[in-house]
Amino acid sequence: MALKTKTSTRIGVTILGWGIALWLFFPIFWMILTSFKSEVQAISTPPKLFFMPTLSSYGEVFERASYWHFALNTVIVSVGATAIAVALAVPAAYSMAFLPSKRTRGTLLWMLSTRMLPPVGVLVPIYLLARNTHLLDTCTGLAVVDMLTNLPIIVWMLYTFFREVPAPILEAGRMDGATRWQEMTMVLLPLALPGIASTALLSLILCWNEAFWSLNLTSSHAAPLTAFIASFSSPEGLFFGKLSAASTLAVAPILVFGWISQKQLVRGLTFGAVK
Amino acid sequence: MATVELKNLRKTYLTEEIIKGISLSIEEREFVVFVGPSGCGKSTLLRMIAGLEDITSGDLLIDGQRVNDVEPGKRGLAMVFQSYALYPHMDVYKNMEFGLKLAGMPEAERREKIEHVARTLQLEPYLHHKPGQLSGGQRQRVAIGRAIVRNPKVFLFDEPLSNLDAALRGQMRVELSALHRKLGATTIYVTHDQVEAMTMADKIVVLQKGVVEQIGSPLELYHHPRNLFVARFIGSPPMNFFPAIFQGGDSAGSSVQLRDGSILYVPVTSPGLLPGTKVTVGIRPEHVELASSGPNSGVVEVVERLGAITLVHVRMPDGEIIVVQTDGAVLTEVETRVSLTLPPRNCHLFAPDGLAFEACHRHPLAA
Ligand SMILES: Nc1ncnc2c1ncn2[C@@H]1O[C@H](COP(=O)(O)OP(=O)(O)OP(=O)(O)O)[C@@H](O)[C@H]1O
Ligand SMILES: [Mg+2]
């Protein structure tokens, strides 16, 4: 009896899992499908599932804009922002996890609360700051803003991962003569590496897909892939074939990267078996 | 080898004082055990000595040097944690090497030391295993090995055996004692296990609520507990207590009257105590004798037969339970009425404030 319930529960959960996965994946699937259609097929009703694939949209996209220029900007901005954010967040999370004070909890909540503000609320001040520091339309400027917007989440996530590391292991390091710095780099970091990797990965994905600040703070020189997509969405009306091709090109690298590192990501998110 | 001296150590967390002025001196080569009920501050005190907790006030001296503000790694101590706290990402060899490497010891010397210690602790086959691949007992050995290789002046142990099963715990206890004899290093050991404390310690420190209740050799604590708390805490099963009325005393003993009217003449001195004062008579289960008739009778409620010995739980008329430890072959059965004989030479007497009266004769093993 118990076994039967278990199997039926498992089947149910499996169906639910697949359902959600398909639901989430469908828009991406449709986007990729549309990118291989001609513009006429792309807007035909009813939508066609089977058709003669064509690369014409891709050809036109490459002709009209320099994909590599945008892609390089995205890579620079996301990797840069993530690297700086993690470098700043590790010591912050270390002190919060292992040297907590009365105010630690409050600080963490306050940091997270900054994420609740809609970004547009600080658009004008940030824009003016960027302009006055000559960081408008530069990769540095965009990276700094991306880094700052993600920092609270990164600190919060690292804090959760660090809390899983048993304090006596770090104390053993200190008894063995490690300085705080050595304790952090030689004991804590290797232990929390899966967690740090998945945090960095999440930050990379968030930066890669970040559109609001990219569109507002860059125009040409530092414009990343989100701006590349946006450039296909306006003046002469919507061309779904080209738009889909541009979007597919923009998300493909991070999608592939995410796929490759999913093992790491899952390991990080279920981290805790370090005892 | 080193001496450790605690001078009026105190620790306050926020507003609560956890360690309330502890003074203690530990000799070279001495094996000192801290015991006490859960939450009494044993671990905190040990961690203060280790340098993992700040000392709020007082002085800590190692080899006569004040080390309050010295980093944990520079105090010349090694600690073995209850949870072992091995570095999970390093194999056994690297676990032991870590501290030596940080201290800048040359590679060849490190190797030699680690191999020597691994041989002593029978860890050779596991040198390249990660902690996750070891059993609890093996991990414990690695933790001890990691402490030994550093050649510390003082070993600190915080309940190192409490995660092991009973058989292994017994074995490790013997091994640790042998190791201590061999290395001769000063050792401070925290436990709440009676047997560990009694068998391993040169000196036991009984703590309660952040204060020292008594310091002494295991048998001193057993034969001459300073107060009711220590009397109850040391010994298993714990000491029995009978309320009594003080009748009078002289230089050879004091006489008290028990609830049932019988008079006991206990060989303890009771200077200045007024007749009529309420006192407490204490006697260990192994010293109470069973009789079929006589004073102090009660009803047998439980008989625990452990093989070699039997524990007889007797409910007295006032509702108290008295435990008697007797022969394994005793025929006593539950629900029967028995009498208890209390040999006066084995009785302790406690004043109303809980302090023990001094025995007229010290036990020869507890001089
Ligand atoms: N970081 C801390 N902040 C506040 N109070 C603490 C802290 N650490 C310990 N305490 C308190 O100090 C007291 C002593 O704790 P400690 O861990 O030293 O007890 P213990 O004697 O080792 O107990 P056990 O036998 O359970 O290990 C406890 O009441 C505990 O609540
Ligand atoms: Mg403890």
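Cβ-Cβ below 7 Å, separation at least six or inter-chain, first residue in region B:33-44 and under 26 Å from B:A185 (Cα atoms), second of a type in the set (S, T, Y) and more than 6 Å from ligand 1 (Cβ to nearest atom): which pairs? Within 7 Å, the pairs are B:V33/B:Y189; B:V33/B:T191; B:V35/B:T191.
Do we have B:L14 as within 16 Å of ligand 1 (Cβ to nearest atom) and either crowded, with 20+ Cβ neighbours inside 10 Å or within 26 Å of B:V230 (Cα to Cα) (or both) here? No. Here A:D137 meets each of (1) more than 14 Å from chain B (Cβ to nearest Cβ); (2) more than 25 Å from A:A223 (Cα to Cα); (3) more than 18 Å from the chain's Cα centre (by Cα) with one exception, condition (2). Of the residues making up region B:34-55, at least one is within 16 Å of ligand 2 (Cβ to nearest atom), within 14 Å of another protein chain (Cβ to nearest Cβ), surrounded by 15 or more Cβ atoms within 10 Å (Cβ to Cβ) and within 11 Å of B:G210 (Cα to Cα). Taken over region B:56-87, the criterion of being surrounded by fewer than 17 Cβ atoms within 10 Å (Cβ to Cβ), touching a residue at least 60 places away in the same chain (Cβ under 8 Å) and under 19 Å from B:K11 (Cα atoms) is satisfied by no residue. Taking the listed residues B:P160, B:P152, B:P125, B:P106, the one that is of a type outside the set (A, V, I, L, M, F, W, C), assigned by TED's automatic domain parsing to the domain that holds B:V32 and within 16 Å of ligand 2 (Cβ to nearest atom) is B:P160, with no other qualifying.
Which residues, counting only those in region B:160-195, are part of a helix (DSSP H, G or I) and among the aromatic types (F, W, Y)? Please lay out each step first, then the result.
Here is the first cut: in region B:160-195, the ones part of a helix (DSSP H, G or I) are B:166-183, B:194-195.
Listed by number, the list is empty, since nothing qualifies.
Scanning region B:213-238 for residues that are in a strand (DSSP E or B) and surrounded by fewer than 20 Cβ atoms within 10 Å (Cβ to Cβ) returns B:I215, B:N227. In region A:157-173, of all residues being part of a helix (DSSP H, G or I) and at the interface with chain B (Cβ under 9 Å from one of its Cβ atoms), the one that is surrounded by the most Cβ atoms within 10 Å (Cβ to Cβ) corresponds to A:A172. Residues that are buried (at least 17 other Cβ atoms within 10 Å of the Cβ) and not in a helix (DSSP H, G or I) within region A:174-193 comprise A:D176, A:G177, A:A178, listed in sequence order. Residues in region B:168-205 that are among the basic types (K, R) and more than 20 Å from B:R139 (Cα to Cα) were compared, and the one that is nearest to ligand 2 (Cβ to nearest atom) is B:K203.
Elements of the type strands (runs of 3 or more DSSP E) sitting completely within region B:1-67 and holding at least 2 residues that are closer than 13 Å to B:L77 by Cβ: these cover B:57-62. Tell me, please, whether a residue that is more than 14 Å from chain B (Cβ to nearest Cβ), surrounded by fewer than 22 Cβ atoms within 10 Å (Cβ to Cβ) and hydroxyl-bearing (S, T, Y) can be found in region A:201-220. Among the residues of region A:201-220, at least one is more than 14 Å from chain B (Cβ to nearest Cβ), surrounded by fewer than 22 Cβ atoms within 10 Å (Cβ to Cβ) and hydroxyl-bearing (S, T, Y), which makes the answer yes. In the set (1) under 25 Å from the mean Cα position of the chain (by Cα); (2) more than 8 Å from chain A (Cβ to nearest Cβ); (3) of a type in the set (A, V, I, L, M), the condition left unmet by B:M90 is number (1).
The values are calculated or read from the model by the stated rules, or taken from the named source; none is laboratory data. The model shown is predicted, which means the values in this text are computed figures rather than measured ones. For neighbour counting, all protein chains shown are included, and Cβ atoms are generated from backbone atoms with ideal geometry for every residue, glycine included.
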